[in-house]
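Report on the following structure.
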Amino acid sequence: MGPGSAIRWPERFRPERAPVHVRNEAAMEVPRERLWSWLIRASGWAAWYPNCRDVRLPAGERDLGPGTEFQWRTFGASLVSRVEEFAAPSRLAWSARGLGVDVYHAWLLEDSGAGTHVVTEESQYGALARLDHFLRPNRMFQGHALWLRTLEAAARRGPPP
């Protein structure tokens, strides 16, 4: 990623401070704007990302936007999230809270030679987050790798419905 393309972490969630942190990245041969359109269409995540379900956005909304609050389930946890950073089509981040977990999740999309370089990172606090990371240390990395693969596959099909 180029200069200035690092995650803008809230101080508390900086990777060197958070007890749980994971970073995934991938080069995708898909235009950034198309990946972005799939990523912000949270109402459709469960149709293509198997680690997600029960996404509930404000009435009448399908896409994430600045300050959007939404509820959903992922990694077996029920979360209440709020979009904290939204800079189309490059930067998206949300906070999330649930029983035993406090999260900050960010995405960066940057044009690269044949498509887009995508980074997703997450920092977590909470007893459940620490326990899960201790018992299954690669679970979040593998889940986010799946998210990247299925995002690319969905975007290769064209724009979201």
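Rule-based calculations on the coordinates, nothing more; no lab input. These numbers were taken from a predicted model, which means no experiment stands behind them. For neighbour counting, all protein chains shown are included, and Cβ atoms are generated from backbone atoms with ideal geometry for every residue, glycine included.
Could you bin all the Cα-Cα distances of the chain into 10 Å bins starting at 0 and give me the percent of pairs in each, rounded to whole numbers?
11, 42, 38, 9, 0
Which trypsin sites (Lys or Arg not before Pro) in the stretch 34-143 pass both tests, a DSSP loop state and at most 15 other beta-carbon atoms within 10 Å?
In loop regions of the stretch 34-143 (DSSP not H, G, I, E or B), the sparsely surrounded trypsin sites (Lys or Arg not before Pro) are 62.
Using R₀ = 30 Å, calculate the FRET efficiency as 1/(1 + (r/R₀)^6) where r is the Cβ-Cβ separation of residue 16 and residue 110; round to 0.05.
0.85
State to the nearest 20 debye the size of the charge dipole of the chain about its Cα centre, where the only charges are +1 on K and R beta carbons and -1 on D and E beta carbons.
Here the chain has a charge dipole of around 380 debye.
Once every DSSP H run of n ≥ 4 in the chain is given -39500 (n - 2.57) and the sum is divided by its residues, what mean residue ellipticity at 222 nm do you get, rounded to the nearest 500 deg cm²/dmol?
Here the helix-only value at 222 nm equals -7500 deg cm²/dmol.
Quick check: pseudo-label points 7 Å beyond the Cα along Cα→Cβ at residue 33 and residue 46, how many nm apart are they?
Simple spin-label model gives 3.1 nm for this pair.
How many nm is it between the label spots at residue 131 and residue 157, if each spot is 7 Å from the Cα in line with the beta carbon?
Once both label points are built, they end up 3.6 nm from each other.
Tell me, in nm to one decimal, what length is gained between residue 25 and residue 8 on full extension, where the rule is 0.36 nm per residue of separation less the Cα-Cα distance?
4.5 nm
Hey, quick one: spin label on residue 86, modelled 7 Å out along Cα-Cβ, who in the stretch 47-71 has an amide N within reach, i.e. under 19 Å?
55-71
Could you tell me what % of all Cα pairs in the stretch 75-161 have separations over 21 Å?
Considering the stretch 75-161, 38 percent of its Cα-Cα pairs are separated by more than 21 Å.
Ratio to report: Rg/Rh of the stretch 1-63, with Cα atoms as the point set and Rh obtained by the Kirkwood method; give two decimals.
1.03
Taking springs between alpha-carbon atoms closer than 10 angstrom, which of 96, 77, 106 fluctuates most in the Gaussian network model of the chain?
77
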